[in-house]
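Comments concern the structure below.
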Amino acid sequence: MTGPLVFSVEQGVGPSTEQLWSVLSLALERSGERSRIVDIERVPCPYGSSWWLEEITLELSDGSRTTLVFKDLVRETSGSGARGVKPEFVTDPARESWVYQNLLMDVPLGPPAFWAADTDVAAGRHWLFVERVNGVPLAQIGDRDAWCVAAEWLGRFHTTAPAGRAVRGPLLRHDQEYHRRWLTRALSSAQDDAQTSDMAREKLARLRALASPHERATKRALATGSSLIHGEFYASNVLIEPYSATFAVHPVDWEMAAIGPALIDLAALMSGDWSSNDLVAMATAYCEGARSAGGRGPRPGDLLLEVAACRLLLAVQWLGWAADWTAPADHRNDWLEEAELCAMELLG
C-alpha cells in the first residue's frame, strides 16, 4: 500500500488511501474480478471542478492497471466556494452517482463508465469512482469540427436518452418555476446592489426589462418537450479525444442532470461569442445526430430560434447564481448582454 498522501491545500481533509482501498476492493470483488489491489497511486486531477477530483491508478495482482477518477461530491476544491455558489434547491450530492448507475449505460458511448460509489448520508460522504477517459476540455480546442462533433453527439443523446426511467430519479426539473427562481434571484441581488451605485441601478433596470422576454422564452423552451439533459453541457465539461479521423466526445460532471428542454444543452454548448456560420454549423450537426438516431428535428434555421430562448434562460441562470461571485474563466461572459441579445433575436 502506498504511504500517506499529502495535498498541500486539502491536507487532513480528504479520505485516507486505506479508506479508498477498502471501497475499491469491495467494488472489484462485486464485479466478479478475481484479481486484488496491490497498490494505489493518487494524484490531484488536472481539470477543474467545483468538487475535489483525484486521478487514481490501481495496480492489480494480475499485473494489470486500472485508471479511475475519484470525485468527492461534498468536498470542495479549494477556492471554488461551491457551497456558497450553488443554491440549495439545485444541490443534491446523490444525483450524479445515481445518473451514472441508472442512466448513462444506455446513452451513446462517451460518458465515463461507472466503477463504484460509496454513500453514507449520516457521515456526509458521497464518493464517486468512474473510468478515467482521455481527452482535453473542448474549451481548449479551437477546431470547429470538434465542436460540431460534440453537437452531433448531443443530438444522438437526446434522441436515445432513457427519459422514462429518469423521471423516477433525483434529477432537477426545468419547469416554469425553476427558471422563474433564477430571475428572482438575479433581481434580488441586483436590487441590493442598486443602493450603492448608478451602474448597479442601471443593471437592475436592464434586468427588469428582461422579465417579459424571460417569461416568453421559458414558455417557448418548455413547449419543445422534455428529455434527459446534462444540464451543464458547457465546453469545459466535455472532454474531446482525437479518434481515427474524427473525435470521441466524453461529457463529464453530471451533477446538474435534469429533465427539461433538450436544447438547454445545445444552448450551453453554443453560449459565448460565435459567428452566425458557426452557430448554423453546430445546429446542423445536432440535427444530423438526432436523425442518425431515428429522431425528427427541425431545420437548423428554425432550431436556432429555440436555442436562443434557451440561451436567454441560461444567461439569467448565471446572473442568479450568487451575489459577489465571479464565474470561472471558462464561463466568464457578459451574461446580461447575452440575455438581451437573445431577447432581441426572439423578437426578430
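The values are calculated or read from the model by the stated rules, or taken from the named source; none is laboratory data. What you are looking at is a predicted structure, and each value in this text was computed from that prediction instead of being measured. With ideal geometry, Cβ positions are generated from the backbone for all residues, glycine too; neighbour counts draw on all protein chains shown.
Things worth noting here:
- Some residue of the range 81-90 being crowded, with 16+ Cβ neighbours inside 10 Å, touching a strand residue (DSSP E or B) at 6+ places or on another chain (Cβ under 9 Å) and either at pLDDT below 95 or part of a helix (DSSP H, G or I) (or both): yes
- Among the residues listed as Asp265, Asp302, the single one being of a type in the set (Asp, Glu) and under 20 Å from Ile240 (Cβ atoms): Asp265
- Residues that are more than 22 Å from Glu55 (Cα to Cα) and in contact with a helix residue (DSSP H, G or I) (Cβ under 8 Å, 6 or more places away or on another chain) occur at least once in the range 108-125.
- The set of residues in the range 22-49 that are hydrophobic (A, V, I, L, M, F, W, C) and either part of a helix (DSSP H, G or I) or touching a Ser or Thr at 6+ places or on another chain (Cβ under 9 Å) (or both) comprises Val23, Leu24, Leu26, Ala27, Leu28, Ile37, Val38, Ile40, Val43.
- Within the range 277-321, the set of residues being free of Cβ contacts under 8 Å to residues at least 24 places away in the same chain and not in a helix (DSSP H, G or I) comprises Arg296, Pro298, Arg299.
- Of everything in the range 158-211 that is charged (D, E, K, R) and outside any helix (DSSP H, G or I), the residue that is farthest from Ala339 (Cα to Cα) is Arg168.
- Subset of the range 1-33 that is at pLDDT below 90 and touching a Leu at 6+ places or on another chain (Cβ under 9 Å) - its residue that is farthest from His126 (Cα to Cα): Glu33
- Test: residue in the range 239-252 that is exposed (fewer than 14 other Cβ atoms within 10 Å of the Cβ) and in a loop (DSSP other than H, G, I, E, B): yes
- When the range 205-216 is filtered for residues that are surrounded by 19 or more Cβ atoms within 10 Å (Cβ to Cβ) and out of contact with any His (no Cβ under 8 Å at 6 or more places or on another chain), the ones remaining, listed by number, are Leu207, Leu210, Pro213.
- Every pair of residues 6+ apart whose Cβ atoms lie under 7 Å, when the first sits in the range 179-192 and is surrounded by 21 or more Cβ atoms within 10 Å (Cβ to Cβ) while the second is not in a helix (DSSP H, G or I): Trp182/Gly320; Leu183/Gly320; Ala186/Gly320; Ser189/Ala323
- Of everything in the range 297-348 that is at pLDDT below 75 and of a type in the set (D, E, K, R), the residue that is surrounded by the fewest Cβ atoms within 10 Å (Cβ to Cβ) is Asp324.
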